[in-house]
Amino acid sequence: MKKIVLVFALLFSFLGYSQILNPVQWKTKVVQKSVTEFELVMDATIENEWHMYSQFTPENGPLPTVFDYKNAKGNYTLVGKTKESAYKKVYNDIFEVDEYYFAKTAQFKQIIKVTNTKLKEVKVYVEYQVCKEQCIQQDATFTFKLPEIKPTDAEVLPVSDVNTIDSTSQNENIVTDVTTEVKKEPVADQSENATPKEEKKSLWGIFILAFLGGFAALLTPCVFPMIPMTVSFFTKQSKTKAAGIRNAFIYGISIIIIYVGLGMLITALFGIDSLNALSTNVWFNLIFFVILIVFAASFLGAFEIVLPNSFLNKIDKQADRGGIIGIFFMALALAVVSFSCTGPIVGSLLGESARQGGIGPIVGMLGFSSAIALPFMLFAMFPGWMNSLPKSGGWLNTVKVSLGFLELAFAFKFLSNADLVLQTHLLEREVFLAIWIAVFGAWALYLFGKLILPHDSPMTHISVGRLFIALFVTTFTIYLIPGLWGAPLKILSGFTPPMTYSESPYGVGYQNTVSSGVSSESALPENAHIGPLGITAFHDYEEGLAYAKKVNKPVLLDFTGHACANCRKMEENVWSDAEILKILKNEIVLISLYGDDQRELPKEEQYISKSGSEVTTIGKKWREYQIERYNINAQPYYVVLDAEGKDISKPVGYTPDVEEYKKWLEDGVTAFKK
């Protein structure tokens, strides 16, 4: 009788817990732009507190949204890339990358140009991830019905005569992996200004960084000596003090216009929507790596980067014209003459601001030029201040060389981005940190006067200011060293490659231990892997279950994902508990099924699921298995099974309470032993 009661209790608790989650509802339409051009519009409504991720979310973080235009070949071409609405950008300390996500709503648009006039419909397949406390990998197929296109009709429709076709009712979207639609809860009233606030924070960060870059450029040998020269010119050539101040003000504004114009040019050339995609592009990062290496070599004294003299002479002639135009060309002459010092800094800022996207390059150049223009205007207004300026000398070269070391360090960040995208593992965390330790260590030796570079003046002593900077750089270098042994280096979170992207994710010299106290990969059971925290894990259900039968141990079935943040939290904060870890290593067989594993299944193993969805990848196979067996599609999700594969515990999801999870796990092991 007790067993019957227990079975019913488990059954009701299981049914109460299980549900298919579908936090994203789609609505689609077609907007006809011309006879042969159509805009496919896909609107997503996202439940409160859930997040859906952008197409451009960085590698090693949550899974990006991916669109596959199924029947494009021979029927239509894509005009540009799929555009999306504004997203939020937040740092994820689990994956150590920025997340680009949508809250409440998201919109995606793709313009197509039809080449086959007999085309009646367009099929679009989309894969995406949504997360709250749990993560869900979902997909949908949309069918867009197109109006009949007459081959003889080549006339383009006027913009005012755009034809909108609501295809929601015709849409197969609505063929998703899920078979049950969960009624949405009312969405709490949230400010629509949340996204602009996030963007403002990021833009302010770029402005401040660029302003500091401009200040650094101001202290280089190419710019600093020109402050007293230029201010003296305005004060002597102007008939009154007011005229001198006005001219200096125009000069400063001209500097800002020139550099902001450069930022606008970059934005116009690449487009606001494509700058984020550009920043994660392999070639973009490799090109910037090479550029920064060249700039660093120039700053360190290997050679000078100069623009053609003919170009400079033309600008000088224009500067002699006088008036506002002459002043503008004087500012342009400053930008050209100082290029060997400002060029590397401007290049770095443009590269970094492109990673922000949008108007980032414009804001970056505004901050940079403001820092350069401000001293010229202030010293023209208050000429007496120039007496307090330090004289030009060897210290300017020290500033330039220091910037060279920084350029060299930042160059490897761009190379690291390319390496992460390609997953070549050539620049893993340990190698990256070793390079930075070498670069910053060399910089510290230079500041202490132990390294002498080509353009350095003889030095009998170092100043107190230089000593303080040398001590700071040395401290930072020493701070980096424990990172080789697995220290998190939280100050640099998001800048260095993540801990998971390293030769030894648990630190140099760490020995993974598996059950039975064995610490060698060769001693693992057949088809097993060393999982998180050194736990022996199987990634295939049948293989893991066969091993559990062999050793007569219960199974912990772990539905997880590579890009599931709360799965990592459970592993790092709950599984790491000494008593829980002991159970996982010695008393249970772990089977981890990754729902976002994008590896393709062999052709003979691909199939159509009960919901009508194509199962072509390993991750899709395990997602479908979870849905069919447990009627739920979220990760993390845990079940304890006996050696025959029967459930002997109530399934649980994200359970951050260590004691609660430990009791649940112990109860499952106890139930197996009875």
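Among Tyr100, Pro64, Val41, whose Cα sits farthest toward the positive end of the charge dipole of the range 18-153 (+1 at Cβ of Lys/Arg, -1 at Cβ of Asp/Glu, about the Cα centre)?
Comparing the listed Cα positions along the dipole, Val41 ranks first.
List the residues, sorted by chain then number, that are 5 or more residues from Glu99 or on another chain and whose placed amide H is less than 5 Å from its amide H.
For Glu99, the qualifying residues are Val90, Tyr91, Asn92.
Would you mind checking the range 620-648 for residues with the amide N under 20 Å from a putative spin-label position 7 Å along Cα→C-beta of Glu543?
What the label zone holds, given the 20 Å backbone N cut-off, is 620-626, 641, 643-645.
Roughly how many whole Å is it from the C-alpha centroid of the range 570-632 to that of the range 36-64?
Here the answer is 24 Å between Cα centres.
Whole Å is fine, so just give me how far the alpha carbon centre of the range 530-555 lies from that of the range 115-147.
36 Å
Using θ = phi - 60° and the Karplus curve 6.51 cos²θ - 1.76 cosθ + 1.60, what whole-Hz ³J(HN,Hα) does each residue of the range 74-80 get, with Gly and Pro shown as x?
x, 10, 7, 10, 7, 9, x
Any idea how far apart Thr115 and Leu453 come out in nm if each label point goes 7 Å out from Cα toward Cβ?
5.2 nm
Work out how much length Thr460 to Met381 would gain on full extension: take 0.36 nm times their residue separation and subtract the Cα-Cα distance, in nm to one decimal. Write out the running numbers ahead of the final one.
On the way: separation 79, 0.36 × 79 = 28.44 nm, distance 3.80 nm.
Stretched fully, the Thr460-Met381 segment lengthens by 24.6 nm.
May I ask you to compute the full-extension gain from Leu265 to Leu524, defined as 0.36 nm times their residue separation minus their alpha-carbon distance, rounded to one decimal in nm? Display every interim value, and only then the final one.
Numbers: separation 259, 0.36 × 259 = 93.24 nm, distance 5.75 nm.
Length difference between fully extended and current span is 87.5 nm.
State the dimensionless ratio Rg/Rh of the range 31-72 (Rg: radius of gyration of Cα atoms; Rh: Kirkwood radius).
On the way: Rg = 14.6 Å, Rh = 13.3 Å.
In the range 31-72, Rg relative to Rh is 1.09.
Set the Förster distance to 45 Å, then compute FRET efficiency between Ala487 and Glu604 from the Cβ-Cβ distance, nearest 0.05. Walk me through the numbers before you get to the answer.
Numbers: r = 47 Å, r/R0 = 1.04.
For R0 = 45 Å, the calculated efficiency reads 0.45.
Pull out a ≥ b ≥ c, the square roots of the eigenvalues of the alpha-carbon gyration tensor of the range 635-674, then state rounded if a/c is under 1.5, prolate if not and a/b is larger than b/c, and oblate in the remaining case.
Details: a/c = 3.51, a/b = 1.44, b/c = 2.45.
Note, shape of the range 635-674 comes out oblate.
Could you list which residues have their amide H under 5 Å from that of Ala528, counting only those 5 or more apart in sequence or on another chain, with H placed in the peptide plane?
Residues meeting the amide H criterion: none.
Using only the Cα atoms of the range 538-597, what do you get for the radius of gyration and for Dmax, in Å?
Rg, Dmax (Cα atoms, Å): 12.0, 33.
Which peptide among 469-480, 545-556, 628-639 comes first, and what is the full order, when sorted by highest mean count of other Cβ atoms within 10 Å?
Result, highest mean first: 628-639, 545-556, 469-480.
Please state the Cα pair-distance histogram of the range 69-115 with 10 angstrom bins from zero: what percent is in each bin?
Here the calculated profile for the range 69-115 is 22, 32, 25, 18, 3.
On the accessible surface of the range 528-643, probed at 1.4 Å, how many percent belong to carbon and sulfur atoms?
Values: 2100 of 4360 Å².
It is 48 percent, rounded to a whole number.
What ³J(HN,Hα) values, in whole Hz, does the Karplus curve 6.51 cos²θ - 1.76 cosθ + 1.60 give for the range 461-469 when θ = phi - 60°, with x put for Gly and Pro?
7, 10, 6, 5, x, 5, 5, 4, 5
Could you tell me which of rounded, prolate or oblate describes the range 520-660, using a ≥ b ≥ c as the square roots of the eigenvalues of the alpha-carbon gyration tensor, with rounded for a/c under 1.5 and, failing that, prolate when a/b is larger than b/c and oblate otherwise? Walk me through the numbers before you get to the answer.
Values: a/c = 1.60, a/b = 1.34, b/c = 1.20.
Prolate.
Glu121's amide H: which non-local residues (gap 5+, or another chain) put their own amide H closer than 5 Å, with H modeled 1.01 Å from N in plane and none for Pro or chain starts?
For Glu121, whose amide H was placed from the backbone, the distant partners under 5 Å are Leu146.
The values are calculated or read from the model by the stated rules, or taken from the named source; none is laboratory data. Model, not experiment: these values are computed from the prediction. Every residue, glycine as well, gets a Cβ built from its backbone with ideal geometry; the counts of neighbours run over all protein chains shown. Each accessible area value is taken on the protein alone, full model and side chains, heavy atoms only, with ligands, DNA and RNA left out. Shrake-Rupley method; radii C 1.70, N 1.55, O 1.52, S 1.80 Å.
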